[in-house]
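These notes are about the structure you will find just below.
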Amino acid sequence: MSEMFLVTGGAGFIGSHLVAALLAEGHRVRVIDDLSTGKRENLPEAVEFLEGSITDAALMHAAAAGIAGCFHLAAIASVERGIEAWLATHAVNLGGLITVFEALRSRPVPVVYASSAAVYGDSAELPITERAAKHPLSAYGADKLGCEQHALVAHHVHGIPTLGLRFFNVYGPRQDPRSPYSGVISIFCERLRAGEPVAIFGDGAQTRDFVFVADVVAALRAAMSGIKSGDVWPAAVFNVCTGRATSVCELAETIAGLCGRRADIRFAPARKGEIRHSLGAPEAARAALGLGEPTPLRQGLAATLNWLETTPLKP
Ligand SMILES: NC(=O)c1ccc[n+]([C@@H]2O[C@H](COP(=O)([O-])OP(=O)(O)OC[C@H]3O[C@@H](n4cnc5c(N)ncnc54)[C@H](O)[C@@H]3O)[C@@H](O)[C@H]2O)c1
């Protein structure tokens, strides 16, 4: 059945992939985005587009009219911005989520929202299960944890069914390699395919759990279906990860191999405060949301490189 979904932050990296998937399923899609990092050209014509901030309560009310569910992805997804502009990022990253819930109080519909592995901080427990201690090390992570707490309130006090997804390191086409906040994969892909050296901070043995954007979209859609059908507890939070650790050196070598060359790695001093290992436990999400096997890293990297090859960079 065709339904209308609202996607906040739909012009961004993850949001634009979700929008494409929803449209392909025959749904109608409304996007609210202030284009601070998102791009209008990431969205097809078929989308109803509202340009503005999720912190604008009147605009959010208009955006919520007639929707069957909301995917809340808009955020200032940057630890660095949280340091430079603590209060302003808090207003968007936590205040924005509450504005979304406020707009839905009078007519509750399910909300699937983006949380982050940043809620765990430097976890001693590996792989990190949903029950691991939450010790965020940044304003960004603290706000994402706050989102989870307010989502519980939205459910218990206001009857809004919610489901939070803690994304680990998401990668794939449309992650802007020129952005100072883009992931290590975008930067490595861009440099290694051009035959340029890459900088690795520290010894390169630090590991991350890299999850391909298509798998994240599958989790978002399964979460919405699960919450609508009542199959998933309506205030749950799950990891979205692969359960596979990849070191930064291994990542550089794999990308270089896909480009048909050896990686020219320049080691730089370790960054202060960088987390050594991040590895998620995907089992709970797989069981609750019926998710399949994650996309193998080589396959996801090949798709990302292919996108870079075929997409001319715009100034
Ligand atoms: N990419 C990752 O690895 C990752 C990991 C964990 C969590 N997340 C979360 O996933 C979500 C999507 O992240 P992304 O990687 O696609 O980042 P992104 O920056 O590409 O997308 C965020 C979108 O939100 C929009 N936005 C920002 N502030 C807004 C505001 N005030 N009003 C309206 N729109 C606003 C931006 O323009 C952008 O289109 C975010 O909530 C982010 O915190 C991402």
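Against the condition farther than 18 Å from Asn93 by Cβ and more than 16 Å from the ligand (Cβ to nearest atom), how does Ile160 come out, does it pass? Give the derivation first.
On the way: farther than 18 Å from Asn93 by Cβ: yes; more than 16 Å from the ligand (Cβ to nearest atom): yes.
Taking the combined requirement at face value, the residue satisfies it.
Taking the range 1-22 as the search range and keeping residues that are within 17 Å of Gly66 (Cα to Cα) and of a type outside the set (D, E, K, R), which one is modelled with the lowest pLDDT? Per the stated criteria, the residue is Met1. Applying the criterion of at least 1 residues that are in the same structural domain as Glu25 (by TED's automatic domain parsing), within 25 Å of Arg276 (Cβ to Cβ) and modelled with pLDDT of 95 or more to the helices (runs of 4 or more DSSP H) found wholly in the range 139-257 leaves 139-158, 213-229. In a residue-by-residue description of the range 96-107, the property of being within 12 Å of the ligand (Cβ to nearest atom), outside any helix (DSSP H, G or I) and under 21 Å from Gly15 (Cβ atoms) applies to no position. Quick one: in the range 108-130, of everything that is under 20 Å from the mean Cα position of the chain (by Cα) and part of a loop (DSSP other than H, G, I, E, B), which residue is farthest from Leu87 (Cα to Cα)? Step by step, filter the range 108-130, then rank; the result is Pro127.
Hey, can you tell me all the residues within the range 77-95 that are within 11 Å of the ligand (Cβ to nearest atom) and modelled with pLDDT of 95 or more? Spell out the reasoning first.
Step one: filter the range 77-95 for residues within 11 Å of the ligand (Cβ to nearest atom), giving 77-79, 81-82, 88-89, 91-93, 95.
Matches in the range 77-95: Ala88, Thr89, Ala91, Val92, Asn93, Gly95.
Within the span defined as the range 222-232, one or more residues are more than 24 Å from Ala132 (Cβ to Cβ) and hydroxyl-bearing (Ser, Thr, Tyr). Selection of the range 1-17 for residues being in contact with a strand residue (DSSP E or B) (Cβ under 9 Å, 6 or more places away or on another chain) and more than 9 Å from the ligand (Cβ to nearest atom) yields Ser2, Glu3, Met4, Phe5, Leu6, Val7.
The numbered conditions (1) surrounded by fewer than 23 Cβ atoms within 10 Å (Cβ to Cβ); (2) more than 16 Å from the chain's Cα centre (by Cα); (3) closer than 19 Å to Leu152 by Cβ are all true for Ala57 except (3).
Is at least one residue of the range 271-278 under 23 Å from Arg298 (Cβ atoms) and under 18 Å from the mean Cα position of the chain (by Cα)? Yes - at least one qualifying residue is present in the range 271-278. Of all residues in the range 22-48, those that are assigned by TED's automatic domain parsing to the domain that holds Gly96 and part of a helix (DSSP H, G or I) have Cβ atoms under 7 Å from Cβ atoms of residues that are within 12 Å of the ligand (Cβ to nearest atom) and basic (Lys, Arg), 6 or more apart or on another chain, in Asn42/Arg174.
Checking each residue in the range 18-61 for being hydrophobic (A, V, I, L, M, F, W, C), more than 9 Å from the ligand (Cβ to nearest atom) and more than 21 Å from Phe101 (Cα to Cα) picks out Ala20, Ala21, Leu22, Leu23, Ala24, Leu43, Ala46, Val47.
The values are calculated or read from the model by the stated rules, or taken from the named source; none is laboratory data. Remember, it's a predicted structure, so these values are computed and weren't measured experimentally. Positions of Cβ are generated from backbone atoms using ideal geometry, with glycine treated the same way; all protein chains shown enter the neighbour counts.
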